[in-house]
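**Q** This is the structure, below, for whatever I ask next.
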Amino acid sequence: MIYSLVLSDALYQEFHAFKHGQSHDALVVEKLLHLYKPPLLTNVEQLRRVRVDDVSLTAALASAGFVDQSLPDLCNKTFYKLILNNERSDYPFVDINVDSIRSNYTVNHKPGEQRTKAHSYLQALLAESSWVVIHDPYIVNNWATTKRFFQELFPRKPLSIHCTTKIPGPKIREIKAICQQWKMPSQEKFKSQFRWLHDRYLVIDGQIEIILTSGIDYLFNDEKECTIIVRKVDRDLL
């Protein structure tokens, strides 16, 4: 069997209680489930520490040689090589409360694949937006694609569009011609916040952050792969 990851003693105890309908910390389990990928790997010693009395599981673990390894040693025998916990974030530990390792939604299209799913998803995410920040240094260079981006994916409704790259006045007028309700305030406001970021981003209402790993251009050009990563954030941009 290929095991995915390991839980700290505290999280294993909470997760076991949750699975068996026992009293547990619902908030801890909710955060755990955001990063949880089965099957988990444990050992006889951890079951003893957290007072889980499961004769068949203990026997199976002992038979497989999972008896008294440390959590890092157990972790090395898993696919993802991670230990979920709620105290530490130094590798191999992942803090379920806040950590650079997170679980997000990803859409990936290989070269030659149509981008239909990515387009539909972005349309849905943008549909109810009131303001959007766009960070793509090549937004002007790839202008034909940029216009398609606005024409095909953005809602025809009141919307403030903030770009971190300076867009010439004539091109701003082209965008506004697509929808008269769109506004494009000063483009200098967000430059400093994105100055050192290599990837291309959309931030929607300060709540949704979308990383466009190949930029806007390859949302429409299928010569290369295209990946978008969607995550919930709380960014105080305005």
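The values are calculated or read from the model by the stated rules, or taken from the named source; none is laboratory data. In this text, all values refer to a predicted model and were calculated from it rather than measured experimentally. Cβ atoms come from the backbone with ideal geometry, glycine included; neighbour counts cover every protein chain shown. Ligands, DNA and RNA are excluded from the accessible area calculation, which covers all protein heavy atoms including side chains. Shrake-Rupley method; radii C 1.70, N 1.55, O 1.52, S 1.80 Å.
**Q** Which condition does residue 30 not pass, out of (1) within 30 Å of residue 105 (Cα to Cα); (2) touching a residue at least 40 places away in the same chain (Cβ under 8 Å); (3) out of contact with any Pro (no Cβ under 8 Å at 6 or more places or on another chain), if it passes all the others?
**A** (2)
**Q** Right, something else. Only residues in the range 105-120 that are under 17 Å from residue 151 (Cα atoms) and of a type outside the set (Gly, Ala, Ser) count as the first member; pair them with residues that are assigned to a strand (DSSP E or B) and open to solvent by 80 Å² or more (accessible area, probe 1.4 Å), Cβ under 8 angstrom, at least 6 apart or cross-chain, and list the lot.
**A** none
**Q** Same structure again: Residue 151 fails exactly one of the following numbered conditions: (1) polar (S, T, N, Q); (2) closer than 15 Å to residue 220 by Cα; (3) touching a strand residue (DSSP E or B) at 6+ places or on another chain (Cβ under 8 Å). What is the number of that condition?
**A** (3)
**Q** Output the residue which, of all residues in the range 227-236 that are closer than 25 Å to residue 158 by Cα, outside any loop (DSSP other than H, G, I, E, B) and not aliphatic (A, V, I, L, M), is least open to solvent (accessible area, probe 1.4 Å).
**A** For the range 227-236, the residue satisfying everything is 231.
**Q** Among the residues of the range 113-135, write down those that are part of a loop (DSSP other than H, G, I, E, B) and out of contact with any helix residue (DSSP H, G or I) (no Cβ under 8 Å at 6 or more places or on another chain).
**A** Across the range 113-135, the qualifying residues are 113, 114, 127, 128, 129, 130.
**Q** Identify the residue in the range 205-226 that is open to solvent by 30 Å² or more (accessible area, probe 1.4 Å) and outside any loop (DSSP other than H, G, I, E, B) and, among all such residues, is modelled with the highest pLDDT.
**A** 208
**Q** Mind listing whichever residues of the range 152-181 are surrounded by 14 or more Cβ atoms within 10 Å (Cβ to Cβ) and under 28 Å from the mean Cα position of the chain (by Cα)?
**A** 153, 154, 155, 159, 160, 161, 162, 163, 164, 165
**Q** Where the second residue is of a type in the set (Phe, Trp, Tyr) and open to solvent by 50 Å² or more (accessible area, probe 1.4 Å) and the first is at negative phi and lies in the range 4-27, which pairs have Cβ atoms under 7 Å and are six or more apart or on separate chains?
**A** Here the result reads 4/79; 4/80; 5/80; 24/18, each pair linking the range 4-27 to a residue that is of a type in the set (Phe, Trp, Tyr) and open to solvent by 50 Å² or more (accessible area, probe 1.4 Å).
**Q** Further question: In the range 63-104, what residues are among the aliphatic types (A, V, I, L, M) and within 14 Å of residue 32 (Cα to Cα)?
**A** 82, 83, 84, 94, 96, 98, 101
**Q** Kindly indicate whether residue 121 is farther than 18 Å from residue 167 by Cβ, surrounded by 16 or more Cβ atoms within 10 Å (Cβ to Cβ) and hydroxyl-bearing (Ser, Thr, Tyr).
**A** yes
**Q** Go through the range 27-69 and give me each residue that's hydroxyl-bearing (Ser, Thr, Tyr), more than 27 Å from the chain's Cα centre (by Cα) and open to solvent by 50 Å² or more (accessible area, probe 1.4 Å).
**A** Across the range 27-69, the qualifying residues are 56, 63.
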